[in-house]
2 protein chains.
Amino acid sequence: MPEVVVMRLPLYLRALNLIEDRVDIINSQELGDTLQLTPAQIRKDLSYFGKFGKQGRGYNVRTLIQELRRILGLDREWKMVLVGVGRLGRAILAYGRFPRSGFVAVAAFDADSGMVGKKVAGVPVLHVSDLPAVVAREGISIGIVSVPPSHAQQVIDDLVHAGVKAILNYAPVAAKVPPGVKLRDIDPVVAAQSMTYYLKQDSAVEEFSPY
Amino acid sequence: MPEVVVMRLPLYLRALNLIEDRVDIINSQELGDTLQLTPAQIRKDLSYFGKFGKQGRGYNVRTLIQELRRILGLDREWKMVLVGVGRLGRAILAYGRFPRSGFVAVAAFDADSGMVGKKVAGVPVLHVSDLPAVVAREGISIGIVSVPPSHAQQVIDDLVHAGVKAILNYAPVAAKVPPGVKLRDIDPVVAAQSMTYYLKQDSAVEEFSPY
């Protein structure tokens, strides 16, 4: 299963969840229109997992949602820990879409003893020295990293050493993880910087256009 | 210039910024190690923009940073507007890395008249009906969308109609923009959901292993 396919499946699920209340059946053309993918791509992606829908009759939206949730391992709850309870970390803990999507932060960690013992959005803040014990005891697979860049790799190493297998990294660094551990970066500044290249082109055209 | 190259350049810049204070010269092997890219990939990406560095002598870090900033249009400030001043919108306005990276929110908009007239992180909140006038008057190119999914496409259409050319979309929808407008999605839940597929495989292996 190519990783690029695995990356697209949550987008399918998100699109289907948005229409679930008003659409019963969707074909690959309609789903492709929604996601700006070709119908052939949609059919090919879904064919990795077996047969969904019948030729010419489209997919049952509810069934496809259930199958995608099962395939992605989303038919259960996932416990997470968060490291770095600064302003960004507190905003992440307060972000309602994680718990609503089955991702539940059970503990947060910080090196600042002034934060330890508090609760943020109902999540207890512990000292980072307690990280390995909590990850092991609670069987945590997912860690969110929201520490400053200078500490990010060390925190990620600590999470991996403690047994975490998936890391959502908000620190603006290219962190390294060993094989078998997944890492996704969330960096809105990088996303913005990948658009200004085109904005710059636009203004250059305006600037130099003889018309 | 392939978009995939443009997407990587901010990562180069981010990596170089992190080492700028302690490294003068970096070669493509070292930069590749940092970014988990091959040296050949790095050389090929940078070759799109002309000749940086000398064969066998590596890149001057400060010069490369300057060139990347110029190429990406980051040698100037970019004004942004944000639409949707809920909890997420307020967290984005308070996110210090945007202004520190030259992305300055000059106004925020909300449909809730209770928010209008307030300031969030120093940014004035205006009514959404004022959006077109402000975008035109201030020459805004970048819009951040942090409204609920049900309103996201309409807000994006409004931004595009007002003249915005680049959209950073935090709403969990596959939004559509016309050609010539760039869109980047920030969706940490989708990122997390693209990792559980592998976590599930791990636990399945454990569960069924005869050893």
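Values for this structure:
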{"read-out": "Flag if B:MET1 is modelled with pLDDT under 95 and within 9 Å of chain A (Cβ to nearest Cβ)", "value": "yes"}
{"read-out": "Hits in region A:126-166 (condition: touching a residue at least 60 places away in the same chain (Cβ under 8 Å) and among the β-branched types (Val, Ile, Thr))", "value": "A:ILE140, A:ILE142, A:ILE144, A:VAL145, A:VAL147, A:VAL155, A:VAL164"}
{"read-out": "Residue list for region A:38-68, filter: under 23 Å from the mean Cα position of the chain (by Cα) and either within 9 Å of chain B (Cβ to nearest Cβ) or crowded, with 21+ Cβ neighbours inside 10 Å (or both)", "value": "A:ILE42, A:LEU46, A:LEU64, A:LEU68"}
{"read-out": "Filtered residue count, region A:97-113, keeping only those that are at pLDDT 95 or above and either in contact with a Phe, Trp or Tyr (Cβ under 9 Å, 6 or more places away or on another chain) or in a loop (DSSP other than H, G, I, E, B) (or both)", "value": "8"}
{"read-out": "Candidate set: region A:88-108, residues that are under 17 Å from A:SER146 (Cβ atoms) and in contact with an Asp or Glu (Cβ under 7 Å, 6 or more places away or on another chain); chosen: the one farthest from the other protein chains (Cβ to nearest Cβ)", "value": "A:VAL106"}
{"read-out": "Any hit, region B:187-202, residues being assigned to a helix (DSSP H, G or I), surrounded by fewer than 19 Cβ atoms within 10 Å (Cβ to Cβ) and at pLDDT below 95", "value": "yes"}
{"read-out": "Condition met for B:LEU18 (over 19 Å from B:VAL145 (Cα atoms), without any contact (Cβ under 8 Å) to a residue 12 or more places away in the chain, surrounded by 15 or more Cβ atoms within 10 Å (Cβ to Cβ) and among the hydrophobic types (A, V, I, L, M, F, W, C))", "value": "yes"}
{"read-out": "Hits in region A:122-171 (condition: part of a strand (DSSP E or B) and within 14 Å of chain B (Cβ to nearest Cβ))", "value": "A:ILE142, A:GLY143, A:ILE144, A:VAL145, A:ALA166, A:ILE167, A:LEU168, A:ASN169"}
{"read-out": "Inter-residue pairs, beta-carbon under 7 Å, first more than 7 Å from chain B (Cβ to nearest Cβ) and of a type outside the set (A, V, I, L, M) and in region A:183-200, second crowded, with 20+ Cβ neighbours inside 10 Å and outside any helix (DSSP H, G or I), 6+ apart", "value": "A:ASP185/A:ASN169; A:ASP187/A:PRO172"}
{"read-out": "Any hit, region A:29-36, residues being within 20 Å of the chain's Cα centre (by Cα) and closer than 22 Å to B:THR196 by Cβ", "value": "yes"}
{"read-out": "Of all residues in region B:22-37 being surrounded by fewer than 18 Cβ atoms within 10 Å (Cβ to Cβ) and away from chain A (no Cβ under 11 Å), the one that is nearest to A:SER150 (Cα to Cα)", "value": "B:ARG22"}
{"read-out": "Per-region count, region B:4-20, residues more than 9 Å from chain A (Cβ to nearest Cβ) and either over 18 Å from B:GLY58 (Cβ atoms) or of a type outside the set (D, E, K, R) (or both)", "value": "5"}
{"read-out": "Residue within region B:61-74 that is among the polar types (S, T, N, Q) and touching a Phe, Trp or Tyr at 6+ places or on another chain (Cβ under 8 Å) present", "value": "yes"}
{"read-out": "Residue match in region B:153-175 (condition: closer than 15 Å to A:THR34 by Cα and touching an Asp or Glu at 6+ places or on another chain (Cβ under 7 Å))", "value": "yes"}
{"read-out": "Candidate set from region B:71-87 (those that are crowded, with 20+ Cβ neighbours inside 10 Å, over 13 Å from the mean Cα position of the chain (by Cα) and of a type outside the set (Val, Ile, Thr)); member that is nearest to the other protein chains (Cβ to nearest Cβ)", "value": "B:GLY73"}
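Table: residues versus (1) of a type in the set (Gly, Ala, Ser); (2) on the phi > 0 side of the Ramachandran plot; (3) over 14 Å from the mean Cα position of the chain (by Cα); (4) not assigned by TED's automatic domain parsing to the domain that holds A:ARG14.
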| position | (1), (2), (3), (4) |
| --- | --- |
| A:ILE92 | no, no, no, yes |
| A:ALA108 | yes, no, yes, yes |
| A:GLY114 | yes, no, yes, yes |
| A:PRO148 | no, no, yes, yes |
| A:LEU159 | no, no, yes, yes |
| A:PRO172 | no, no, yes, yes |
| A:PRO178 | no, no, yes, yes |
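The values are calculated or read from the model by the stated rules, or taken from the named source; none is laboratory data. From a predicted model like this one, the values you see are computed outputs, not experimental measurements. Cβ atoms come from the backbone with ideal geometry, glycine included; neighbour counts cover every protein chain shown.
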